[in-house]
Amino acid sequence: MPHTPAAHELAEVNIARLKFPLDSPELKDFADALDPVNAVADAADGFVWRLQSDSGNATDIPVLGDEWLIINMSTWRDTNALTAFMYQGQHRELLARRRDWFEKLEEATAVLWWVPAGHRPTVAEAEDRLLHLRAHGATPYAFTLRTSFPAPRETEAVSRSV
């Protein structure tokens, strides 16, 4: 039976508020790990795309009008592929040290949503989804790994309704 390409991909965004300037000695370990961890992500099973500027990462792309926030956004085949990358290897090591580098924020800092295959989400889309999650909790429009929703059927569109 021939493989049918998926109609949707999983978009994810996470933001973090820096405790120190990105070029500070306090963030050297984090900054030094960006390229190697991104290379692992790029080669990971199920990885599709990630947001990046000319720097090769997205740390210089503004988000939510806060110069201390940095953004990471990517698309994946599904939640299993994303989870497999997030919780193993170098990325897991960085997660364990996140409190060294980033402020603990009370509101949601990560959100997932389904996009049509091949769509590259914008920062504005990501901000909208994150703010929706903060205001309404997990819905098919904006959700989390803990409370996720299946990809829509080809004929379904995911609306903002809660």
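Name the residues whose placed amide hydrogens come within less than 5 Å of the amide hydrogen of ALA58, ignoring near sequence neighbours (fewer than 5 apart) on the same chain.
SER53
Counting Lys and Arg as +1 and Asp and Glu as -1, each charge on the Cβ, what is the dipole of region 26-128 about the Cα centre in debye, to the nearest 20?
400 debye
What FRET efficiency do you get for GLU106 and SER148 if R0 is 22 Å and r is their Cβ-Cβ distance, rounded to the nearest 0.05?
0.50
Per residue of region 86-100, in order, report the coupling 6.51 cos²θ - 1.76 cosθ + 1.60 (Karplus, θ = phi - 60°) as ³J(HN,Hα) in whole Hz, putting x for Gly and Pro.
4, 10, 9, x, 4, 5, 4, 4, 5, 4, 5, 9, 4, 5, 5
Kindly provide the helix-only [θ] at 222 nm of the chain, computed as the sum of -39,500 (n - 2.57) over DSSP H runs of four or more divided by all residues, to the nearest 500 deg cm²/dmol?
So the helix-based figure for the chain works out to -9000 deg cm²/dmol.
Suppose accessible area is computed on protein heavy atoms with a 1.4 Å probe; arrange GLU12, GLU103 from highest to lowest.
These residues rank, largest area first, as GLU103, GLU12.
So if R0 is 45 Å, what FRET efficiency would GLN88 and ALA124 give, r being the distance between their Cβ atoms, rounded to the nearest 0.05?
0.90
Just to verify a number: what accessible area does HIS91 come out at with the full protein assembly present, 1.4 Å probe, Å² rounded to tens?
Answer for HIS91: close to 40 Å² accessible.
Rank MET86, MET73 by accessible area, highest first, at a 1.4 Å probe radius?
MET86, MET73
Let me know the Rg and Dmax you get for the chain when you use only its Cα atoms, in Å.
Cα only, the chain: 15.9, 55 Å (Rg, Dmax).
I need the phi-derived Karplus couplings for region 66-73: 6.51 cos²θ - 1.76 cosθ + 1.60, θ = phi - 60°, integer Hz, Gly and Pro marked x.
10, 5, 8, 8, 10, 10, 9, 9
Stretch LEU95-ILE61 to full length: gain in nm at 0.36 nm per residue minus the Cα-Cα span?
10.1 nm
Give me the dipole magnitude in Debye, nearest 20, for region 13-52 about the Cα centre, with unit charges on the beta carbon: positive for Lys and Arg, negative for Asp and Glu.
Here the size comes out at about 220 debye.
Which ³J(HN,Hα) values, rounded to whole Hz and listed in residue order, are derived for region 36-49 from phi using the Karplus coefficients 6.51, -1.76 and 1.60 in 6.51 cos²θ - 1.76 cosθ + 1.60 with θ = phi - 60°, glycine and proline given as x?
Values per residue, Gly and Pro as x: x, 5, 4, 5, 5, 4, 4, 9, 5, 4, x, 6, 10, 7 Hz.
The values are calculated or read from the model by the stated rules, or taken from the named source; none is laboratory data. Computed from a prediction, not measured in an experiment: that's the story for all the values here. Don't worry about glycine lacking a Cβ; one is built from the backbone with ideal geometry, like all the others, and counts go over all protein chains shown. Heavy atoms of the whole protein, side chains included, go into the accessibility calculation; ligands, DNA and RNA do not. Shrake-Rupley method; radii C 1.70, N 1.55, O 1.52, S 1.80 Å.
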